[in-house]
Amino acid sequence: RRRARGAAGGPGVLGSAGARAWRGSVGSCPAGGSTVSKTTNGGAAWADATSPLSTIVRVQPTDSQVAFVIGADSTCSAEIKRTSNGGRSWTSGSAVGSAWFRDPKSPVNVMAPGPSTMQPCGQREVVDLSVLSLGSAEVLCADGQVRSTTNTGSSWSDVGKASGAVAMDVSSATPATTYVAILDAPGCAGVQVRRIDQSAPTSCASTAVPKTPGLIALSLVPGGGWLSVGDATMRSTDNLLTWRTS
């Protein structure tokens, strides 16, 4: 899956598929600074890829060689770029209006297929976006509220709320389950991961938390997931119960 949040200068983009993951720093427009790297062996080794855009707000890998990113060039114009050779080179993809993504120009806006622009959190910042299908998505708002749509953003409903949540993803299982990454949770010296519909935590990833906001990303895969915290990337292979640095 497919997501992004972050700030220039550190990891904030994370997409995964099993033992494969792509991570990077978001960067900004017009300053640039986005980076991309990938692993094909569960994080045992990472290889740098060329970043095709000044800023990146969504990354979606298909396999070790094929992926697409959405972001913006130095003029902040949104674009889709695709690679079929592991990020050595990129080509322009389909029209950006056919995809979900957070607006590189405004943190309160989400772009939906159509194209259309919406503000699912009102005037609050959209901290994270998880895309489930062409018409379905969930967002994490700056106040910890998670909202969902099944009609390409025509209407949104509340899923739950988690104070301190800084990242989110939705499992591909049926029924889909939303998990959030939470900072400053009692009893967790690091990042707490829990289901949005449960009060008890699923796990605590013990790690140093960066002082700069926006450098945490969560990406779920069957049986586990990936967690990017500052310069560290962690992986779970036991249904999010424990985490190890990759």
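The values are calculated or read from the model by the stated rules, or taken from the named source; none is laboratory data. Just so you know, these numbers come straight off a predicted model, no measurement behind them. Here Cβ is always computed from backbone atoms with ideal geometry, including for glycine, and neighbour counts include all displayed protein chains. Just the protein is used for accessible areas: all its heavy atoms, side chains included, with ligands, DNA and RNA removed. Shrake-Rupley method; radii C 1.70, N 1.55, O 1.52, S 1.80 Å.
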message: Just checking, does the range 65-74 include any residue being within 14 Å of the chain's Cα centre (by Cα), buried (at least 18 other Cβ atoms within 10 Å of the Cβ) and assigned to a loop (DSSP other than H, G, I, E, B)?
response: no
message: Here's a check for you: in the range 135-151, which residue that is open to solvent by less than 40 Å² (accessible area, probe 1.4 Å) and of a type in the set (S, T, N, Q) is farthest from Cys121 (Cα to Cα)?
response: Ser136
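Every residue, every condition in (1) touching a residue at least 24 places away in the same chain (Cβ under 8 Å); (2) surrounded by 14 or more Cβ atoms within 10 Å (Cβ to Cβ), yes or no:
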| position | (1), (2) |
| --- | --- |
| Gly153 | yes, yes |
| Asp158 | no, no |
| Val170 | yes, yes |
| Ala176 | yes, yes |
| Ala181 | yes, yes |
| Ala185 | no, yes |
| Cys188 | no, yes |
| Val193 | yes, yes |
| Ile196 | yes, yes |
- request: Please specify each residue of the range 83-126 satisfying the condition of being crowded, with 17+ Cβ neighbours inside 10 Å and part of a strand (DSSP E or B).
  value: Thr83, Phe101, Arg102, Val110, Met111, Ala112, Met118, Val126
task: Evaluate the range 217-231: report whether one residue or more is surrounded by fewer than 16 Cβ atoms within 10 Å (Cβ to Cβ) and modelled with pLDDT under 90.
output: yes
Verdict on Ser206 being within 15 Å of Gly24 (Cα to Cα) and either open to solvent by 30 Å² or more (accessible area, probe 1.4 Å) or acidic (Asp, Glu) (or both): no
statement: Result of the Cβ filter at 7 Å on the range 215-239, keeping first residues that are in a strand (DSSP E or B) and partners that are open to solvent by less than 10 Å² (accessible area, probe 1.4 Å) and basic (Lys, Arg), at least 6 apart or interchain, is Ala217/Arg3; Ala217/Arg5; Ser219/Arg3
